[in-house]
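Engineer: For reference, the structure I am asking about is given below.
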C-alpha cells in the first residue's frame, strides 16, 4: 500500500504513547532520589541497592524464577505433544474435548482456575507450596504454549518429513530429526511466553500456595497494598529489563533460524 | 494425516500414548477441578481444614448425600453479589467497547505500514504484554493519584484548579483495563486486517467509492471476525478481573473476581466462594459457547 496517512501515523503514535507511558514513568522514577514516589529528588540508584539487600524480595524472586523455569519447561514439552496431537492426528475420539481444554484457560478468568486448582489440591491432600504452584502454572501456561507451537506446526511443510519417511525413516524419528529442528523458534517463544506468564502471575499463585512460599508478584502485591514504596519501581525496572532482553534475544534467534532456513532452501 | 494413512498396530500404540499424555494432564488438573468446585459449592462451611463438610456421610449402613443449596440461593438473591455480577458485566462491556475504539485505529495504522515497519510495530505492541501486568497497574497508581503525575500536569497547564480524584474510582478501573487489555484487541484485528485482500478495496475505489465509505462498506465488515475475537479476548477475562479493580478501584466498586478473592481469604467461606465461581462460570459459558460455535461455522 501507499505511505501511511497522517491519520494512521497519529493513531500509531497515540497508541504506542499510551502503551509506553506507565513503563517510562516507572523506569524514570526508579532512579528517583526522593522517598516520595511523586517528587523528583535527583538521580540515584539507592532503590536498587535497597532491593538487592532485601532478603524477602530476593527469596520471592528465587521462588518465582524456579517455578517459572520448571513450569515453562514442562508446559513446552506437554505443549509440543499437544500440538503434534492436534495438528498431525486429525481424527481421534475426544479431540473436541482436548481442543476445548486447551483453549478454555486462555479466556477463562484467572480467579476461576485459581479456585478450582486450590480445591483440587486440598481434596487430594497435597501440601501447598512451590510444587502446587508449579503444577498450576504448568497447566495454565500449557494452553498458551500449545497455541504458539500449533501455529508453527501448521505452517511447516510436510513434504520434507514425507521425504525422510520415503527413505525409510520411522515416523517418530522423521518428526524428531526433520520437523523438530524447524520448530525451534516456536519452542523458544513458547517457553519464553510460559516463563513470563508464570513469572507475572499473582492470582493463581496466591490460591495455590501455602504458608512459607511466596512468589515475587505476591511480595510486590503485599508491598503495594500496605503502602507504596519506591523500591517497587526498582524491582519493576529490573524485571522489565530481563523481559526486554529475553524478547530481543528470542527475536534474534527466530530471525537467524529463519535466515538459515531460507538460505538452505 | 500422515500417520493416519498407515494404521499399523505399532504406530497405533505410540499414537494412543501421545494423545494420552496431554489428555491425562488436562483431565486431572483442569477438568476434574471444575467438577470439584461444583461439588464444594453444594457443601457447608465448617471450621478446620478443609473448611467444608464432605458431601457424603456413611453411618454404618446408609450412605447419606447432603447437598446444600443455600449458597446458590444466597448468591442469586443477595444484593451485594447481584450488584457485583452486574458491575463486572457493565465494566467489562464498556471497557471492551473503549478498548476496541482505541485498538482499531492502531491496528489499522500498523496494517497500512510497510512490511518491515509492521513487524517492528507489532513487536512494540507485544512488549508491554510480556512485561508484568501487576507492575504496570502499579505504575498507573502513581500516575493517577491525587498528587500524581496527571494531576500535577493538569494543574501546571491550568486546566484544573484542584486535583481530580481519579484513583480509587471507576474511571481508574477503566483506564487500567483499557491499558492492560489493549494488545489483546490490537493483535487479532491487526492479523485480520493485514491478511485482508487489498484488491477488494481497490475495486470499491475504482467503482467510485470514497475512501471513508470504502472503509465502512468493505474493510470494516471484512474485519469483523478479528474484532469479535478481540472483544472475546478482552470481555471474558475482564469480567473476573481481580488485580485492576483491587488496586485502582475504590471500595464502592465491587467486581466479582475481587468478591471471590475476599470470600476465600477474608471470610474463609470456601463453599460460598465456590458457588460464586460457578455462577460466574455459567455467566461466561454462554458467550464462550456462542463464540466457539461461530468460529467453527466460519472454518467450515
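The values are calculated or read from the model by the stated rules, or taken from the named source; none is laboratory data. Predicted, not measured: the structure shown is a model, and the values here were computed from it. Positions of Cβ are backbone-derived with ideal geometry, glycine not excepted, and every protein chain shown enters the neighbour counts.
Engineer: Looking at the stretch A:180-210, which of its residues are facing chain B (nearest Cβ under 10 Å) and either touching a strand residue (DSSP E or B) at 6+ places or on another chain (Cβ under 9 Å) or without any contact (Cβ under 8 Å) to a residue 40 or more places away in the chain (or both)?
Structural biologist: Once the filter is applied, which keeps residues that are facing chain B (nearest Cβ under 10 Å) and either touching a strand residue (DSSP E or B) at 6+ places or on another chain (Cβ under 9 Å) or without any contact (Cβ under 8 Å) to a residue 40 or more places away in the chain (or both), the stretch A:180-210 yields A:200, A:202.
Engineer: For the stretch A:151-222, list the helices (runs of 4 or more DSSP H) that sit wholly inside it and hold at least 3 residues that are surrounded by 21 or more Cβ atoms within 10 Å (Cβ to Cβ) and at negative phi; which are they?
Structural biologist: The helices (runs of 4 or more DSSP H) meeting that bar are A:184-200, A:203-208.
Engineer: Out of the stretch B:259-271, which residues are within 11 Å of chain A (Cβ to nearest Cβ) and touching a residue at least 40 places away in the same chain (Cβ under 8 Å)?
Structural biologist: Residues satisfying the conditions are B:259, B:270, B:271.
Engineer: Can you tell me which residues in the stretch B:84-105 are surrounded by fewer than 20 Cβ atoms within 10 Å (Cβ to Cβ) and either within 9 Å of chain A (Cβ to nearest Cβ) or free of Cβ contacts under 8 Å to residues at least 24 places away in the same chain (or both)?
Structural biologist: Answer for the stretch B:84-105, where residues must be surrounded by fewer than 20 Cβ atoms within 10 Å (Cβ to Cβ) and either within 9 Å of chain A (Cβ to nearest Cβ) or free of Cβ contacts under 8 Å to residues at least 24 places away in the same chain (or both): B:86, B:90, B:97, B:101, B:102, B:105.
Engineer: Here is a further query. Out of all the residues in the stretch B:106-123, which are at pLDDT 90 or above and facing chain A (nearest Cβ under 7 Å)?
Structural biologist: Once the filter is applied, which keeps residues that are at pLDDT 90 or above and facing chain A (nearest Cβ under 7 Å), the stretch B:106-123 yields B:106, B:108, B:109, B:110, B:121.
Engineer: Let me ask something else about it. Kindly indicate which of A:67, A:63, A:39, A:27 is within 12 Å of chain B (Cβ to nearest Cβ) and outside any loop (DSSP other than H, G, I, E, B).
Structural biologist: A:27
Engineer: Next up: Please give the helices (runs of 4 or more DSSP H) falling wholly within the stretch B:1-85 in which 1 or more residues are modelled with pLDDT under 85 and out of contact with any helix residue (DSSP H, G or I) (no Cβ under 9 Å at 6 or more places or on another chain).
Structural biologist: B:9-26
Engineer: Here's another thing I want to ask about it. Out of the residues in the stretch A:106-129 that are under 18 Å from the mean Cα position of the chain (by Cα) and more than 7 Å from chain B (Cβ to nearest Cβ), which is surrounded by the most Cβ atoms within 10 Å (Cβ to Cβ)?
Structural biologist: A:114
Engineer: Now a separate question. Take the residues in the stretch A:88-101 that are part of a helix (DSSP H, G or I) and facing chain B (nearest Cβ under 7 Å), then tell me which one is farthest from residue A:176 (Cα to Cα).
Structural biologist: So, considering only residues that are part of a helix (DSSP H, G or I) and facing chain B (nearest Cβ under 7 Å), the one farthest from residue A:176 (Cα to Cα) is A:101.
Engineer: Consider only pairs whose beta carbons are under 9 Å apart and that are at least six residues apart or on different chains; among these, list those whose first residue lies in the stretch A:46-60 and is farther than 14 Å from residue A:236 by Cβ and whose second residue is in a loop (DSSP other than H, G, I, E, B) and modelled with pLDDT of 90 or more.
Structural biologist: If the second residue must be in a loop (DSSP other than H, G, I, E, B) and modelled with pLDDT of 90 or more, the pairs left are A:56/A:214; A:59/A:214.
Engineer: Moving on. Against the definition (modelled with pLDDT under 90 and closer than 23 Å to residue B:129 by Cβ), how does residue B:248 come out, yes or no?
Structural biologist: no
Engineer: Name every residue in the stretch A:115-133 that is part of a helix (DSSP H, G or I) and touching a helix residue (DSSP H, G or I) at 6+ places or on another chain (Cβ under 8 Å), in order of residue number.
Structural biologist: Across the stretch A:115-133, the qualifying residues are A:115, A:116, A:117, A:118, A:119, A:120, A:121, A:123, A:130, A:132, A:133.
Engineer: Further question: Restricting to helices (runs of 4 or more DSSP H) lying wholly in the stretch B:203-300: which have 2 or more residues that are farther than 30 Å from residue B:70 by Cα?
Structural biologist: So the answer is B:211-214, B:224-239, B:243-248, B:270-299.
Engineer: Next up: Go through the stretch A:89-105 and count every residue that is under 17 Å from the mean Cα position of the chain (by Cα) and over 18 Å from residue B:35 (Cβ atoms).
Structural biologist: Qualifying residue count, the stretch A:89-105: 2.
Engineer: Can you name the residue in the stretch B:137-156 that is surrounded by 21 or more Cβ atoms within 10 Å (Cβ to Cβ) and touching a helix residue (DSSP H, G or I) at 6+ places or on another chain (Cβ under 6 Å) and, of all such residues, is nearest to the other protein chains (Cβ to nearest Cβ)?
Structural biologist: Looking at residues that are surrounded by 21 or more Cβ atoms within 10 Å (Cβ to Cβ) and touching a helix residue (DSSP H, G or I) at 6+ places or on another chain (Cβ under 6 Å), I get B:139.
Engineer: Now for a separate question. If you go through the stretch B:167-181, how many residues are within 14 Å of chain A (Cβ to nearest Cβ) and either over 29 Å from the mean Cα position of the chain (by Cα) or without any contact (Cβ under 8 Å) to a residue 60 or more places away in the chain (or both)?
Structural biologist: 1
Engineer: Let me ask something additional. Given the residues A:81, A:21, A:13, which is the only one that is closer than 30 Å to residue A:161 by Cα, facing chain B (nearest Cβ under 10 Å) and not in a loop (DSSP other than H, G, I, E, B)?
Structural biologist: It is A:81.
Engineer: Any residue that is more than 7 Å from chain B (Cβ to nearest Cβ), touching a strand residue (DSSP E or B) at 6+ places or on another chain (Cβ under 8 Å) and more than 30 Å from residue A:125 (Cβ to Cβ) - is there at least one of those in the stretch A:212-224?
Structural biologist: no
Engineer: Residue B:62 passes all but one of (1) loosely packed, with under 14 Cβ neighbours inside 10 Å; (2) under 28 Å from the mean Cα position of the chain (by Cα); which number fails?
Structural biologist: (2)
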